[in-house]
């Protein structure tokens, strides 16, 4: 009927996260917006649909966001850093291995599936800056192709074929700060089986991997991560919420409204978390000196984190040059 106002329909792709659930269930709403939260897609399909514009936005790896400029993709980032967390404990070894320090990766065989993921960019940067282990100091073993982005000149890379009959005795992945299990992909299962067999020495996982026969290399990982933050003021950003530029141009008011809505949804997240998950979130706050891990603000410290990540991408050959990170975000982002 003439005169009726048609709300904007917004399709956003996310992993299943308690901090998004209130938006998905309609407990937090936006004025004149119908939200369609899509949480059934795998990471690769979600990223591809955002890049293709068939989703109006959603969570995107920070690695993919920075490289989107090279591809000419019209995306606008919001200061909603939906996936953050320390990555030190994503490196695992055999449970009976003598390793206790990440410097021991030097001259060893290290498994990795996707070398260009945000977690891997952070891990390679941390290994170099904190432990003196450059990407050229290890032999990388991968199931995803030795020519994939992230493996640069002078690096030893060995490609292996993931066996479909790799035995999985119960290895699991966990998005710790979301209290959400994540099914390990076939390449991860295969490389963990290679680790347990002694064919590789370490495995770098995109999630927190646990189960029979494996453990994090760092036995005091929580303390190492807290010390790292106090020294560097780096709290890694792995995924960032983006919108298509056309959406921002049509409804510039949506940017601020969405940021505020995500902050409200964060406050309601404990409704869908276990007691252990809430305790993990509290422990993370303690590592950060009492700060909220998911503040959803663009501060000088957030810029420092993103600039460090960009430097890592540049050093690892994933970016041809560096640029101002704030240029990727909606205008006036510091005022949200």
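Here, each number is a calculation from the coordinates, and none is a lab measurement. Every value quoted in this text rests on a predicted model; they were computed, and no experiment measured them. Because the Cβ atoms are built from the backbone with ideal geometry, glycine has one as well, and the counts that use them run over all protein chains shown.
Some values worked out for this structure:
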{"read-out": "Positions within segment 23-50 being assigned to a loop (DSSP other than H, G, I, E, B) and either under 30 Å from residue 116 (Cα atoms) or in contact (Cβ under 8 Å) with a residue 24 or more places away in the chain (or both), in sequence order", "value": "27, 28, 29, 30, 31, 32, 39, 40, 41, 42"}
{"read-out": "Complete set of residues in segment 308-334 that are part of a loop (DSSP other than H, G, I, E, B) and surrounded by 14 or more Cβ atoms within 10 Å (Cβ to Cβ)", "value": "316, 317, 318, 319, 330"}
{"read-out": "Residue satisfying condition, being under 18 Å from residue 209 (Cβ atoms) and touching a strand residue (DSSP E or B) at 6+ places or on another chain (Cβ under 9 Å), within set 138, 113", "value": "113"}
{"read-out": "Selection count, segment 293-307, where residues are touching a residue at least 24 places away in the same chain (Cβ under 8 Å) and in contact with a helix residue (DSSP H, G or I) (Cβ under 7 Å, 6 or more places away or on another chain)", "value": "5"}
{"read-out": "Residue count for segment 51-75, restricted to those that are in a helix (DSSP H, G or I) and touching a helix residue (DSSP H, G or I) at 6+ places or on another chain (Cβ under 8 Å)", "value": "8"}
{"read-out": "Test set (1) touching a residue at least 40 places away in the same chain (Cβ under 8 Å); (2) in contact with a helix residue (DSSP H, G or I) (Cβ under 6 Å, 6 or more places away or on another chain) - residue 122 fails condition number", "value": "(2)"}
